[in-house]
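First up is the structure itself, then whatever we jot down about it.
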Amino acid sequence: MGEAARFFIWKWVNNMNKTKKITTTALLCALAYIATFVGRLPISTVAFLKYDPKDVIVVMGGFIFGPLTAFVISAVVSVIEMVTISETNIIGCIMNIVSTVSFAVTASVIYERSRTIKGAVYGLVTAMFAMTVTMVVWNYLLTPFFYGMPRSEVAKMLLPIFVPFNLIKSSLNTALTLLLYKPFVKILRSAGLIEKRESISGGVINKGVIILAVFLILMAVGAVVILN
């Protein structure tokens, strides 16, 4: 086979891979939006603090294709959410992007360096705390402008409201990601949308991962009951 033929075959395969990535990313955006639309739950006494499982889809996209894809999905879905179902306009869009990026991109960056179960767990647990700290800072900075509240009042809400809310939200998203990632990747692989290498090795969810996920869910549910 000549050099020209090999080049055109390589080019065709490369274009096919790009098409698959774009198609899968678009699918992830759609699933993340659906998760937001149908899965919003109030878990705080503050009306604008609601849980939705969007971040689960976003972080799985980051695990599959890398941190940049997680950022793109987050931005696209947050903008669509802003113009369709959100009641918080541009400030809510910014907060959504910051929240999801601090969780999904942090986890994806760590997982990118160690594509193993250990790397996934470490990335997600680190992302839980990264998101919580980030959102405490951003709520302190932006909430007074959007809701016309004195900053001193917002400061009083940080520990009793914003910290628990973000820990609960990130704990649930971590647990769901650990439980759903392998089955989700298997479905995408069966559909021919991703390659075999783009997943945690192995086909069975580790028992330790299941125990950790169940613990996080129970902890989050318990915290919601106590706080409400």
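The values are calculated or read from the model by the stated rules, or taken from the named source; none is laboratory data. This is a predicted model, so every value here is computed, not measured. Neighbour counts are summed over all protein chains in view; Cβ atoms, including those assigned to glycine, are modelled from backbone coordinates with ideal geometry.
Cβ-Cβ contacts under 7 Å between residues 6 or more apart (or on different chains), taken from a first residue in the stretch 177-189 that is touching a residue at least 60 places away in the same chain (Cβ under 8 Å) to a second residue that is of a type in the set (F, W, Y) and assigned to a helix (DSSP H, G or I), are listed as Y181/F63. Can you find a residue in the stretch 105-113 that is in contact with a helix residue (DSSP H, G or I) (Cβ under 9 Å, 6 or more places away or on another chain), under 17 Å from K21 (Cβ atoms) and not polar (S, T, N, Q)? Within the stretch 105-113 (the criterion being in contact with a helix residue (DSSP H, G or I) (Cβ under 9 Å, 6 or more places away or on another chain), under 17 Å from K21 (Cβ atoms) and not polar (S, T, N, Q)), the answer is yes, since at least one residue qualifies.
Looking for whichever is part of a helix (DSSP H, G or I), within 17 Å of A130 (Cα to Cα) and touching a Ser or Thr at 6+ places or on another chain (Cβ under 7 Å) here; the options are L167, L172, L159, L188. Which one fits?
Just one listed residue meets the conditions, L167.
Just to check your reading of the model, which residue among E153, E195 is part of a helix (DSSP H, G or I) and more than 16 Å from the chain's Cα centre (by Cα)? Criteria check complete, one pass: E153. Just so you know, in the stretch 180-207 the residues that are more than 16 Å from I64 (Cβ to Cβ) and surrounded by 12 or more Cβ atoms within 10 Å (Cβ to Cβ) include one that is modelled with the highest pLDDT, and it is N206.
Take the conditions (1) of a type in the set (F, W, Y); (2) crowded, with 23+ Cβ neighbours inside 10 Å; (3) closer than 18 Å to T24 by Cβ; F103 misses just one of them, which is (3).
Condition check ((1) at positive phi; (2) surrounded by fewer than 21 Cβ atoms within 10 Å (Cβ to Cβ); (3) touching a residue at least 12 places away in the same chain (Cβ under 8 Å)) across all residues:
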{"residue": "T69", "(1), (2), (3)": "no, no, yes"}
{"residue": "V77", "(1), (2), (3)": "no, no, yes"}
{"residue": "I90", "(1), (2), (3)": "no, yes, no"}
{"residue": "S108", "(1), (2), (3)": "no, no, yes"}
{"residue": "G119", "(1), (2), (3)": "no, yes, no"}
{"residue": "A130", "(1), (2), (3)": "no, yes, yes"}
